[in-house]
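Undergrad: Here's a structure for you.
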Amino acid sequence: MPAASALNVLVVDDQLTMRSLIRNSLQQIGVREISEAADGELGLRAAITKPVHLIISDFNMPNLDGLGLLRAIRAHPPTSKTAFIMLTGRADRELVQRAVQFGVNNYLVKPFTTAQLKEKLEGVFGPLT
Amino acid sequence: MSDDPFEAIKVTFFQECSELLGDLETNLLALETGEGDIETINAVFRAVHSVKGGAGAFGLEDLVRFAHVFETLMDELRSGRKECDDVTVKTLLRASDVLADHIAAAQGTGAPVDAARSAGLVAELEVLTHGQATPAVAAAPVVADEDDFGFKPLTLDLADFGAPAELPSLDLPALDLPSLDLPDLAAPSAAALTAGWRIVFRPHPRLYASANDVSLLLRELTRLGQTSVELDASGLPSLEALDAEDAHLIWTIVLTGDVTEAAVRDVFDFVEMDCDLSITALDGGSPSAETALPPLPVLDAAPAEPAFDLAALLAQAKAPVEAAPVAAPAPVAAAPKPVAPAAPAPAAPSPVASAPAAAPSAPAAVAPVTIRVDLDRVDRLINVVGELVIQQAMLAQRVMESGLARSSDIALGLEDLELLTRDIQDSVMAIRAQPVKSVFQRMPRLVREVAEMTGKRVRLVTSGEDTEVDKTVVERLAEPITHMLRNAIDHGLESPEEREAAGKPAEGTVRLAALHRSGRIVIEIADDGKGINRPRVRGIAVDRGLIAEDAVLTDDEVDNLIFLPGFSTAETITDVSGRGVGMDVVRRSIQALGGRISISSNPGKGSTFTLSLPLTLAVLDGMVVSAAGQTLVAPLSAIVESLTPRIEDVHYVGGHDAVIRFREEFVPMVDVGRVMGFRDDATTLTGGVVMIVETEAGSRAALLVDAINGQRQVVIKSLETHYRQVDGVSAATILGDGSVALILDIDALVIAGHRKSNRPELKMAS
């Protein structure tokens, strides 16, 4: 059973509010190592510079969107195995399907609760302690 | 700010909302003027989407519902399913106004939203989206049942990998990526998506000898599809043993995409004889001899590779986005090159090593970084720096008084300290400087609303939005600008019919401009309306007893009568311009900031309000003078020149009004000591000094003082908060010797001088 506190998570969203909300929820779940990036390109640079276990990324962002980030992460061998959870709005069913094609591990519909986020994390990593 | 993190994030959300609203307005206005493109529409979509996302998290139902309808239309527009025509943009502009109302209501800073207006716009947006209004219920977003998507998470079952004994390593707080042996989830999904090729490429020395360039071949491959390139440099001998003519490197390229083997072979067409080449299909196709090679350790020996890789990655990842006409950013140029070319930096499997290796690249890669700081902290810093400036000045004075030589170490050290203090002060002030954009952005909406209410057609033209000024000044600009804009539209502009009858375009133009002028910020609000009706203004002023019936006033003076308390030209009080508290209130609030306001008018052509304010409310470059035994500070920006008056240059008009000849021009003299009430008798001119000053309106006056003591930067302390407002004084300061000195308000002083001497009948307000 992996410990949540050992997870290293990168949160990518162009909205500070969203990043703060996710960080807050992650902290409640017990994740301690959390970094943030404000768009897909910065997220990619961050993930390549400093590998993480999990990327939680918004879809709709300037510069490089979430799907682009996912593709780049998967295409780059050192990061290709990084777990990836995509944040979506309700209307983005098509997007989820595309994200599945590119190898997304899970997705999370906004707005979400901490419990939902935890469930998604456990869907990827198994039960967390 | 609350301790509850959720509440704190909510504060962040509303801060972010006001930024998003600003972006929204800017982008919509760009669309309105036809300067927008698909990226502008995308930006609008993102702004609305972000508002909705955040609002959902905080359960702000009304806001979510409205933003959702707005977002749906934007989605239609950005996908090109609907054309973004003029009518749509106008509706979007009004929708952004209502969105702002919803946000303000949610935040608790605004009135409750006008439900009818909101519902009306929802209907309009839906008509634009679907061609017809849909029932409101359908528009309300509901959290989707996740099973809808038929999604099963891709599990990384950690327990399947590594014996239990390895798991504790995960509990280590340090990043331990290699031990987290994750299943290869990329491969199946990538394979499901497209077939591809694994190319192992080992050049022979002859390949290099015939001047082939591997990087060109690799680039050629990247054109075919998505590539990832690994370099095996394990065959590379040590530097001493290296034969530069030999070949040691092996590349492994994973190419994904719908590419035929022939296309891949074409790339190597001219070098096939000079290399070992193995091409295998990714989806388990026929393995060729070389697959027997052991898995290649990933080595980052070729220094240019990572940079190349990142740029290529970005280019690929952005590929579908680039289909839209977006100016391609140049991340390639920004991609940093590793510093030490020879250092073999393992690219990934050992993050411990790769993190420091990549670290030098991080600063170059990052765009401008900002942090948010509580304003209180900045203000505290500014206050302390203000004290520091005073303390430094006092120290300098003490040292001078102690009779130390100017060249002494202490005096020189103090000079350096003074420079540093100034640097600190400038830097701190720069933290508070903000463009006036935040205020200007609110104005288009105001203009739309006032135009609607008054039945006038108005175009607002703004310029100089990037002009920077202290944050306090920016904040306090909103009210006077609002008031003056209303005034310009309500009183200045004519109705469309009147305008057409006068041979003007039916649509009136109001210009709102900001600019820096001689150390101050100037805001100009100009309309092309009918101008001030001077006989009527004069008549009202006489009726209200503000001026004597036989007063002789210049046109400018008549125009500026509208700033007198209680003066209101609106015969019937309109909804728009207020209830007669008009321009005198505006003027008072501007004066409180150390600012001035004036109006100039051209009958039939329009009026221009000019408002000028200091750039900062904290410091001032001043000239320290003394008059009648008092120490005073005159703002340096107002002083043109100083001189010792010669008795023959001084003339008297009407017996007692002194004027001085200054370069073939007669300038009225103001005896500062007398006007300020420090003494009653007129000074003898000899022995005094005259400062030629320029008022905001551009007229000149000669201030007579006893002596000029020197130039100094002073920290402004409000007199009002410590005492009360005093005519002719804008603020106070503390000098180096610890004494308090008053800072002169040049314009008020000149007006007071006028009044004291030659116009007793004109009761000018202070």
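The values are calculated or read from the model by the stated rules, or taken from the named source; none is laboratory data. Keep in mind that this is a model prediction, so the values were computed, not measured. FYI the Cβ positions are ideal-geometry reconstructions off the backbone, even for glycines, and counts take in every protein chain you see. Just the protein is used for accessible areas: all its heavy atoms, side chains included, with ligands, DNA and RNA removed. Shrake-Rupley method; radii C 1.70, N 1.55, O 1.52, S 1.80 Å.
Undergrad: Which one is most open to solvent (accessible area, probe 1.4 Å) among residues in the range B:400-436 that are without any contact (Cβ under 8 Å) to a residue 12 or more places away in the chain and assigned to a loop (DSSP other than H, G, I, E, B)? Can you show your working first?
TA: Within the range B:400-436, the first condition is being without any contact (Cβ under 8 Å) to a residue 12 or more places away in the chain, and the residues that meet it are B:400-410, B:412-413, B:415-416, B:419-420, B:423, B:426-427, B:430.
With assigned to a loop (DSSP other than H, G, I, E, B) added as a condition, the list becomes B:402-408.
Numbers: B:SER402: 80, B:GLY403: 62, B:LEU404: 79, B:ALA405: 56, B:ARG406: 173, B:SER407: 89, B:SER408: 25 Å².
Per the criteria, the residue is B:ARG406.
Undergrad: While we're looking at this one, here's another question. Return only the number of the condition from (1) facing chain B (nearest Cβ under 9 Å); (2) surrounded by 23 or more Cβ atoms within 10 Å (Cβ to Cβ); (3) over 26 Å from B:VAL69 (Cβ atoms) that A:TYR107 does not satisfy.
TA: Going through (1) facing chain B (nearest Cβ under 9 Å); (2) surrounded by 23 or more Cβ atoms within 10 Å (Cβ to Cβ); (3) over 26 Å from B:VAL69 (Cβ atoms) one by one, A:TYR107 breaks only (3).
Undergrad: Could you give every pair whose Cβ atoms fall below 7 Å, whose first residue belongs to the range B:107-131 and is closer than 18 Å to B:VAL89 by Cβ, and whose second residue is in a helix (DSSP H, G or I) and hydroxyl-bearing (Ser, Thr, Tyr), counting only separations of at least 6 or pairs across chains?
TA: Matching pairs, first to second residue: B:GLU124/B:THR91; B:LEU125/B:THR91; B:LEU128/B:THR88; B:LEU128/B:THR91; B:THR129/B:THR72.
Undergrad: How about the range B:707-766: which strands (runs of 3 or more DSSP E) wholly inside it have at least 2 residues that are open to solvent by less than 20 Å² (accessible area, probe 1.4 Å) and at pLDDT below 85?
TA: B:707-715
For (1) touching a helix residue (DSSP H, G or I) at 6+ places or on another chain (Cβ under 8 Å); (2) open to solvent by less than 30 Å² (accessible area, probe 1.4 Å); (3) at the interface with another protein chain (Cβ under 9 Å from one of its Cβ atoms); (4) within 18 Å of A:ARG71 (Cα to Cα), each residue gets a yes or a no:
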site: A:ALA4; (1), (2), (3), (4): yes, yes, no, no
site: A:VAL11; (1), (2), (3), (4): yes, yes, no, yes
site: A:ILE22; (1), (2), (3), (4): yes, yes, no, no
site: A:ARG32; (1), (2), (3), (4): yes, no, yes, no
site: A:ALA37; (1), (2), (3), (4): yes, yes, no, yes
site: A:GLY43; (1), (2), (3), (4): yes, yes, no, yes
site: A:THR49; (1), (2), (3), (4): yes, no, yes, yes
site: A:ILE56; (1), (2), (3), (4): yes, yes, no, yes
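Undergrad: What is the number of the single condition among (1) loosely packed, with under 15 Cβ neighbours inside 10 Å; (2) at pLDDT 80 or above; (3) more than 23 Å from the chain's Cα centre (by Cα) that B:ALA359 does not meet?
TA: Failed condition: (2).
Undergrad: Identify the residue in the range B:551-578 that is among the polar types (S, T, N, Q) and assigned to a loop (DSSP other than H, G, I, E, B) and, among all such residues, is modelled with the lowest pLDDT.
TA: So the residue we want is B:THR572.
Undergrad: Among the residues of the range A:83-104, which ones are more than 8 Å from every other protein chain (Cβ to nearest Cβ) and touching a helix residue (DSSP H, G or I) at 6+ places or on another chain (Cβ under 8 Å)?
TA: Step one: filter the range A:83-104 for residues more than 8 Å from every other protein chain (Cβ to nearest Cβ), giving A:84-88, A:92, A:94-95, A:98-99.
A:PHE84, A:ILE85, A:MET86, A:LEU87, A:THR88, A:LEU95, A:ARG98, A:ALA99 - these are the residues of the range A:83-104 that are more than 8 Å from every other protein chain (Cβ to nearest Cβ) and touching a helix residue (DSSP H, G or I) at 6+ places or on another chain (Cβ under 8 Å).
Undergrad: Taking the range B:40-59, which residues are under 17 Å from B:LYS82 (Cα atoms) and over 20 Å from the mean Cα position of the chain (by Cα)? Give the derivation first.
TA: So in the range B:40-59, the residues under 17 Å from B:LYS82 (Cα atoms) come out as B:40-45.
If the condition is that a residue be under 17 Å from B:LYS82 (Cα atoms) and over 20 Å from the mean Cα position of the chain (by Cα), then B:ILE41, B:ASN42, B:PHE45 are the ones that fit.
Undergrad: For the range B:257-279, which residues satisfy the criterion of being among the hydroxyl-bearing types (Ser, Thr, Tyr) and at pLDDT 80 or above? Explain how you work it out, then say what you get.
TA: Kept after step one, since they are among the hydroxyl-bearing types (Ser, Thr, Tyr), are these residues of the range B:257-279: B:260, B:278.
Within the range B:257-279, B:SER278 is the sole residue that qualifies.
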